[in-house]
Amino acid sequence: QGQLVESGGGLVQPGGSLRLSCAASRSISGVRVMSWYRQVLGKERELIAAIYSNGHTIYGESVKGRFSISRDKAMHTVNLQMNSLEPEDTAIYYCNVNSPWRDFWGQGIQVTVSS
């Protein structure tokens, strides 16, 4: 089983909402940042949102005001609440967890925004 397990993707109509979750193995320690990326076929993977151990958050310009990242206190779960979804948000979404020793990646989860 993978170190990160993502859930919550699927098909949604434009203007709708989805909530992605990523559960990290408890064997991962010293987590500094938990992030969500997305990738469209033929394009580079882009950072969507990140949350640091001190609670600081950053967002990509394309999702500011629409998406919200959160985590549990132990930094074993990170969520991405996605509102006002647009067809341009269609992509594979990846969870990333950064520790002092290495980065961990989820397997990716499909989000499709279409009517």
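The values are calculated or read from the model by the stated rules, or taken from the named source; none is laboratory data. These numbers come from a predicted model, not from an experiment. Cβ: placed from backbone, ideal geometry, glycine included. Neighbour counts: every protein chain shown. Surface areas here come from the heavy atoms of the whole protein model, side chains and all, with no ligands, DNA or RNA. Shrake-Rupley method; radii C 1.70, N 1.55, O 1.52, S 1.80 Å.
Can you give the accessible area of Arg71, probe radius 1.4 Å, in Å² rounded to 10?
Only protein atoms counted, so the area is about 60 Å².
Pairwise over distinct Cα atoms, reciprocal of the mean inverse distance: report the Kirkwood radius of segment 1-75 in Å, one decimal place.
Details: mean 1/r = 0.0716 Å⁻¹.
For segment 1-75, the Kirkwood estimate is 14.0 Å.
Using per-residue counts of other Cβ atoms within 10 Å, averaged over each peptide, order 7-13, 25-31 from highest down. Spell out each step's value before the answer.
Details: 7-13: 14.1, 25-31: 12.1.
Ranking, from highest mean packing down: 7-13, 25-31.
Need the C-alpha centroid separation for segment 70-93 versus segment 5-46, integer Å.
Using only Cα atoms to place each centre, the spacing works out to 5 Å.
Could you order His56, His76 by accessible surface area, starting with the largest, using a probe radius of 1.4 Å? Spell out each step's value before the answer.
Numbers: His56 100, His76 30 Å².
Heavy-atom accessible area, descending, gives His56, His76.
Over all pairs of distinct alpha carbons, what does the Kirkwood formula give as the hydrodynamic radius of segment 66-115, in Å? Mind showing how you got there, number by number?
Working: mean 1/r = 0.0794 Å⁻¹.
For segment 66-115, inverting the mean 1/r across all distinct Cα pairs yields 12.6 Å.
Tell me the relative contact order for the chain as a rounded percent, counting alpha carbon contacts under 8 Å between residues six or more apart.
Working: 272 pairs, mean separation 43.0, N = 115.
For the chain, the relative contact order is 37 percent.
Shape verdict for segment 36-109, please, from the Cα gyration tensor: rounded (a/c under 1.5), prolate (a/b greater than b/c) or oblate. Working shown, then result.
Working: a/c = 2.01, a/b = 1.31, b/c = 1.54.
Oblate, since a/c reaches 1.5 and b/c is not below a/b.
Given the options Glu46, Glu86, Glu61, which has the most mean-square fluctuation in a GNM of the chain, springs set between C-alpha atoms less than 10 angstrom apart?
Glu61
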